[in-house]
Amino acid sequence: MRLLFVVMDDPSGLEGSIRAAHAFHYAVSLAKAGHEVKVYLDGPGVKIPVSESPYRGLRPAFEEVLKNNLLLGACGYCASPPHLNLRERLRGFRLIGDEEHHYAFEDLVAQATR
């Protein structure tokens, strides 16, 4: 089975951090079980690689996603200066889309399932 997890939770809040960590745990677990899995950070979720979280489990869960090569990328539109302005801080992460264009979701799914 091919799966795409879209994580849109803000890591600055406890509830969002816990939701994101669970999505990361599920993605890793499913990948280890043989499924084709990718994770995409969108909206406030693009803050996860560069922000502190009140939930200590978020960072290790995200690191497992990275270690298992499951991160498809982060939304370049959301990370751009007119929005969350994190583009510079996200160097080293694949940004999909730019500050003019939010990437089409159907294209993202096609990219994740190739």
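Using the Cα coordinates of the chain, the gyration tensor eigenvalues translate into equivalent-ellipsoid semi-axes of 20, 19, 11 Å, sorted from longest to shortest. Each of Leu70, Phe93, Pro49 was placed along the dipole of the chain (beta-carbon charges, centred on the mean Cα), and the one lying farthest toward the positive end is Leu70.
With a sphere of radius 11 Å drawn around the Cβ of Tyr77, what net charge do the other residues whose Cβ falls strictly inside it have (Lys, Arg +1; Asp, Glu -1)? Don't jump to the answer; show the numbers that get you there.
On the way: positive: Arg87; negative: Asp42, Asp98, Glu99, Glu100.
Net charge around Tyr77: -3.
Percent of C-alpha pairs per 10 Å bin in the range 38-82, short distances first: 27, 54, 18, 0. The alpha-carbon atoms of the range 1-43, seen along their principal axes, cover 32, 17, 8 angstrom, with the largest extent given first. Pairwise Cα separations in the range 49-114 fall into 10 Å bins from 0 onward with the following percentages, short to long: 19, 44, 34, 3.
Here's how it looks for Leu86: its modeled amide H is under 5 Å from those of Ser80, which are all 5 or more places away or on a different chain.
Per-residue ellipticity at 222 nm, computed for the chain from helices alone with -39500 (n - 2.57) per DSSP H run of at least four residues, works out to -10500 deg cm²/dmol.
Here, each number is a calculation from the coordinates, and none is a lab measurement. Note that the structure is a prediction, hence the values are computed from the model and not measured. Methodologically, a virtual Cβ is constructed for each residue, glycine included, from the backbone with ideal geometry; neighbour enumeration extends over all protein chains shown.
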